[in-house]
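J.: What follows is a single structure, and I will ask about it in a moment.
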Amino acid sequence: MRYDDGNGGGRFAGKAALVTGAASGIGRAAAERLAAEGARVLCADVNAAGVKETAAAIQTAGGEAVARVCDVADPAACRSAVAAALEAFGRLDVLCNVAGVGISAHATEIGIEQWQRVIAINLSGTFFTCQAAIPHLLETKGNIVNTASAAGLMGIAYTSAYAASKGGVVMLTKALAVEYGRRDLRVNCVCPGGVDTPLAQGFLPPEDPDPFLLQRMQLVPRLAEPWEIAAAIAYLASDEARYVNGAAFSIDGGQVA
Ligand SMILES: NC(=O)c1ccc[n+]([C@@H]2O[C@H](COP(=O)([O-])OP(=O)(O)OC[C@H]3O[C@@H](n4cnc5c(N)ncnc54)[C@H](O)[C@@H]3O)[C@@H](O)[C@H]2O)c1
């Protein structure tokens, strides 16, 4: 679908965006949405085949996109992805950090490597990409949209590593928003509840859960579709949200209300 303002331009006409996690789910939907509204998009993901598919789908729909393989757990790869966006488009207006992994387990059963991987991708990856992009976003008075989670705002059993990473993303977002807000760089995050993606399908309770603790997750009747999160990401990244800074924007059917 193409979105435009009636004059042939969308909210991101003339702008360039970098979206991590663009091979699948929310990241793919966000890349497609920004491109549909006129952005040129650097689609980054560790999944080479998936990210090529996303870029190809954007091109088929008439948009402009470049695919880039990038493991956000590697700070050098984050810097290279930002450099690739600048090389391709000559500017960077929007950074969407969507790449992430989930893990559901009893806290006592999370191995050191599992813990470190979740923190490295979800939290450190978000930070390193922000760090690489900020000097360029300051030039364009651009903005960042990070992806946290309802699990970063409320306690959810069996998510200790994931929740710690996402709570970190919420506070990273707020700290950067304050640090750069007076220089016209906005930093916000979305906090989705359950979204129908491969990540959610793999996010099942561990063996032998306490059913009482799981009841808390059953208040919301359905999962979101990825596009419902992408729509919020696009709003936060657009000039319509120019007074929104440091927000942790819940899109969760009321889960944390
Ligand atoms: N699906 C949900 O219920 C839900 C809820 C709240 C928040 N989130 C968050 O939304 C984001 C997107 O997840 P999704 O649900 O679309 O899942 P998804 O699995 O469909 O997409 C995640 C993407 O991140 C990529 N990725 C994983 N590790 C990476 C790495 N090291 N470097 C670069 N890319 C990497 C994957 O290849 C994949 O394309 C994640 O940060 C996730 O934590 C998801």
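J.: List the equivalent ellipsoid semi-axes of the chain in whole Å, largest first, each obtained as the square root of 5λ for an eigenvalue λ of the Cα gyration tensor.
T.: Listed largest to smallest, the semi-axes of the chain are 29, 19, 18 Å.
J.: How much of the accessible area of the chain, in percent, comes from carbon and sulfur atoms when a 1.4 Å probe is used?
T.: Whole-percent figure for carbon plus sulfur exposure: 53.
J.: Separate question: Testing the spin-label approximation: label points 7 Å from Cα along Cα→Cβ at Ala49 and Asp196. State their distance in nm.
T.: Simple spin-label model gives 2.4 nm for this pair.
J.: Gain in length, Ala231 to Arg117, computed as 0.36 nm per residue apart minus the alpha-carbon separation, to one decimal in nm?
T.: 38.2 nm
J.: Using 7 Å Cα-to-Cβ label points, what is the Met217/Val69 separation (nm, one decimal)?
T.: In this crude spin-label approximation the distance works out to 3.3 nm.
J.: By how many nm would the segment from Gln131 to Ala175 grow when fully extended, if each residue of separation counts as 0.36 nm and the alpha-carbon distance is taken off?
T.: Gain on stretching Gln131 to Ala175: 14.6 nm.
J.: What does the highest-first list of 13-23, 114-124, 219-229 look like by mean Cβ count within 10 Å?
T.: Per-residue Cβ counts within 10 Å, averaged per peptide and sorted highest first, yield 13-23, 114-124, 219-229.
J.: Something else about it: What whole-number value in cubic angstrom gives the convex hull volume per residue for the C-alpha atoms of the stretch 85-172?
T.: 88
J.: How high is the relative contact order of the stretch 106-257, in percent, with contacts defined as C-alpha pairs under 8 Å that are six or more residues apart?
T.: 29 percent.
J.: Just from its helices, what would the mean residue ellipticity at 222 nm be for the chain, if runs of 4 or more DSSP H residues each count -39500 (n - 2.57) and the sum is divided by every residue, rounded to the nearest 500 deg cm²/dmol?
T.: -12500 deg cm²/dmol
J.: How high is the relative contact order of the chain, given as a whole-number percent (alpha carbon pairs under 8 Å, six or more residues apart)?
T.: Dividing the mean separation by the residue count of the chain yields 19 percent.
J.: Can you work out the Karplus-derived ³J(HN,Hα) for every residue in the stretch 200-207? Use 6.51 cos²θ - 1.76 cosθ + 1.60 with θ = phi - 60°, whole Hz, and x for glycine or proline.
T.: Ordered by residue, 3J(HN,Hα) equals 5, 5, x, 9, 8, x, x, 4 Hz.
J.: Taking the Cα-to-Cβ direction at Arg79 and at Thr108 and moving 7 Å from each Cα, how far apart do the two end points lie in nm?
T.: Roughly 4.3 nm, to one decimal.
J.: Report ³J(HN,Hα) in whole Hz for each residue of the stretch 217-229, in order, from the Karplus equation J = 6.51 cos²θ - 1.76 cosθ + 1.60 where θ = phi - 60°; Gly and Pro get x.
T.: Per residue, the Karplus-derived 3J(HN,Hα) values read 7, 9, 6, 9, x, 8, 7, 7, 8, x, 5, 5, 7 Hz.
J.: Shifting gears a bit: Per residue, how much accessible surface does the stretch 16-251 expose to a 1.4 Å probe? Answer in Å², no decimals.
T.: On a per-residue basis, the stretch 16-251 sits at 45 Å².
J.: Ok, one more. Please arrange Met217, Met154, Met171 by accessible surface area, largest first, computed with a 1.4 Å probe and ligands excluded.
T.: In descending accessible area the options line up as Met171, Met217, Met154.
J.: Same structure again: Fully extended, how many nm does the chain gain between Ala61 and Asp208 (0.36 nm per residue separation, minus their Cα-Cα distance)?
T.: So the extension gain works out to 48.3 nm.
J.: Among DSSP beta bridges lying fully in the stretch 16-251, give the percent that are antiparallel, nearest 5.
T.: Looking only at bridges with both residues in the stretch 16-251, the antiparallel portion is about 0 percent.
The values are calculated or read from the model by the stated rules, or taken from the named source; none is laboratory data. Please read all numbers here as calculations on a predicted model, not as lab measurements. Every residue, glycine as well, gets a Cβ built from its backbone with ideal geometry; the counts of neighbours run over all protein chains shown. Keep in mind that these areas ignore ligands, DNA and RNA; they rest on the heavy atoms of the full protein, side chains included. Shrake-Rupley method; radii C 1.70, N 1.55, O 1.52, S 1.80 Å.
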